[in-house]
Amino acid sequence: MTRFKELDPILHSQLRLAIVSLLVGTEVAEFTYIREQTGATAGNLSIQITKLKEAGYIEVIKKFRNNYPQTLCSITPLGREKFAEYVNILKDYLRPNP
C-alpha cells in the first residue's frame, strides 16, 4: 500500500485551488476580487466557480448592486473540510520520511 493518498481532483486545478484558498481567508468575496487576485479571465473563472459550486465546495449568490450584477462567493463547510484534507495530504507528499 502506498503512503500517498489521491489528491482531490476538484482542488487539484490551479485556479480552483486559488479560488478556495482565497475564500478560506474571507467570509465572502466578489467575483471581481477573485478575478483580480487570480489573474484569470472572466470566462475561465466563471467555469471554475461553477465546478466548485456543483461539487458543493462554494456557494454563489447573484444579485444586483446599483443596477449592476454582482456575484458573491463563499466557502461551504464541505469546502473547508475538503481544503483541510487536501492540505494535509499535500503535507504527506512533502515529508521525505514519514
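Starting from region 49-64, take each residue that is closer than 16 Å to S13 by Cβ and list its partners that are of a type in the set (G, A, S) and surrounded by fewer than 12 Cβ atoms within 10 Å (Cβ to Cβ), counting only C-beta distances under 8 angstrom and pairs at least six apart or across chains.
Here the result reads none, with nothing in region 49-64 linked to a residue that is of a type in the set (G, A, S) and surrounded by fewer than 12 Cβ atoms within 10 Å (Cβ to Cβ).
For the structure I just gave you, tell me whether P98 is part of a loop (DSSP other than H, G, I, E, B) and modelled with pLDDT under 95.
So P98 passes the test.
Which one is farthest from the chain's Cα centre (by Cα), of the residues in region 52-82 that are within 17 Å of A29 (Cα to Cα) and part of a helix (DSSP H, G or I)?
In this case the residue turns out to be P77.
Which condition does T71 not pass, out of (1) within 19 Å of L11 (Cα to Cα); (2) surrounded by 10 or more Cβ atoms within 10 Å (Cβ to Cβ), if it passes all the others?
It is condition (1) that T71 fails.
For region 29-43, check the following and say yes or no: at least one residue is of a type in the set (S, T, Y) and either loosely packed, with under 10 Cβ neighbours inside 10 Å or part of a loop (DSSP other than H, G, I, E, B) (or both).
Yes, region 29-43 has at least one match.
The values are calculated or read from the model by the stated rules, or taken from the named source; none is laboratory data. Small disclaimer: the values here were computed from a predicted structure and weren't measured. Don't worry about glycine lacking a Cβ; one is built from the backbone with ideal geometry, like all the others, and counts go over all protein chains shown.
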